[in-house]
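First comes the structure, then the notes that go with it.
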Amino acid sequence: MKLSVTIIAALMSAYPTFAEEPIAGRASVIDGDTIEIRGERIRLHGIDAPESWQICQDAVGRQYRCGKEAARRLELYLEASRPTRCEFVERDRYQRFVGVCFRNDGVEVNRWLVESGFAVDWVRYSNGKYAQEQKMARKRAEGVWKGTFELPCEARALRMMQKPSC
């Protein structure tokens with residue numbers, strides 16, 4: 001009996017927890033789709049923001065660092081209503097907490113990033129949850145939609161000489 005309890009405990013510890021508790025606190029922005037709260041890196045679920053090194057073009061063809069712009073806008077947005085609370089979805093391959101986050105006023109951060117054009121709906125993970133918000137941001141020429149850009153997943157793949165994951 002004691003041996004079976006030990007084996008079960010060992011097996012359970014080898015797998016990540018399926019229903020982790022939400023994380024709340026002051027968020028620091030790592031990039032346009034990753035924040036940190038209390039030392040925990042959190043990847044925003046279902047969206048993909050331009051990389052910090054990524055270059056986009058505005059409506060008149062001027063280049064700008066759209067990834068840096070996305071991170072800056074996210075920082076300002078989160079500062080306006082702290083703290084931030086994130087609900088767990090899963091752990092990614094880097095063991096980051098992947099979640100859906102909310103400002104103190106209840107507004108969903110993931111959705112706002114797509115609505116504002118600072119991230120795109122990553123259908124591979126969202127199953128199209130933010131498709132309508134992306135359509136509206138594109139129609140209004142918000143954020144990256146004001147000009148031309150590569151999808152972040154395509155830009156990463158090109159930089160790493162790999163096949164895109166989108």
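Residues checked against (1) on the phi > 0 side of the Ramachandran plot; (2) assigned to a strand (DSSP E or B):
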residue: Arg41; (1), (2): no, yes
residue: Gly61; (1), (2): yes, no
residue: Ala71; (1), (2): no, no
residue: Ser81; (1), (2): no, no
residue: Phe88; (1), (2): no, yes
residue: Val100; (1), (2): no, yes
residue: Arg124; (1), (2): no, no
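If the requirement is being within 30 Å of Glu21 (Cβ to Cβ), without any contact (Cβ under 8 Å) to a residue 24 or more places away in the chain and among the polar types (S, T, N, Q), which of these qualifies: Asn110, Asn104?
When all the criteria are applied, what remains is Asn104.
State all residues of region 43-54 that are not polar (S, T, N, Q) and not in a strand (DSSP E or B); if no residue qualifies, say none. Walk me through it before giving the result.
Taking region 43-54 as the starting set, the residues that turn out to be not polar (S, T, N, Q) are 43-51, 53.
Once the filter is applied, which keeps residues that are not polar (S, T, N, Q) and not in a strand (DSSP E or B), region 43-54 yields His45, Gly46, Ala49, Pro50, Glu51, Trp53.
Taking interchain pairs and intrachain pairs at least six residues apart, which have beta carbon atoms under 7 angstrom, with the first residue in region 139-166 and surrounded by fewer than 19 Cβ atoms within 10 Å (Cβ to Cβ) and the second of a type in the set (Ser, Thr, Tyr)?
Final answer for the pair search is Glu142/Ser116; Cys153/Ser165; Ala157/Ser165.
Conditions (1) of a type in the set (Lys, Arg); (2) surrounded by fewer than 16 Cβ atoms within 10 Å (Cβ to Cβ); (3) at pLDDT 95 or above, marked per residue:
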{"residue": "Gly46", "(1), (2), (3)": "no, no, yes"}
{"residue": "Gln54", "(1), (2), (3)": "no, no, yes"}
{"residue": "Gln57", "(1), (2), (3)": "no, yes, yes"}
{"residue": "Arg65", "(1), (2), (3)": "yes, no, yes"}
{"residue": "Arg85", "(1), (2), (3)": "yes, no, yes"}
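Suppose we filter region 57-101 for residues that are touching a strand residue (DSSP E or B) at 6+ places or on another chain (Cβ under 7 Å), more than 21 Å from Glu142 (Cα to Cα) and aromatic (Phe, Trp, Tyr); how many remain?
Final tally of qualifying residues: 2.
If you check Ala19 against the conditions, is it in a loop (DSSP other than H, G, I, E, B) and at pLDDT below 95?
yes
Restricting attention to region 57-73, does a residue exist that is under 11 Å from the mean Cα position of the chain (by Cα) and among the polar types (S, T, N, Q)?
The answer is no, given that none of the residues of region 57-73 is under 11 Å from the mean Cα position of the chain (by Cα) and among the polar types (S, T, N, Q).
The values are calculated or read from the model by the stated rules, or taken from the named source; none is laboratory data. None of these values were measured; they are calculated from a predicted model. Note that each Cβ is placed from the backbone with ideal geometry, even for glycine, and that neighbours are counted across all protein chains shown.
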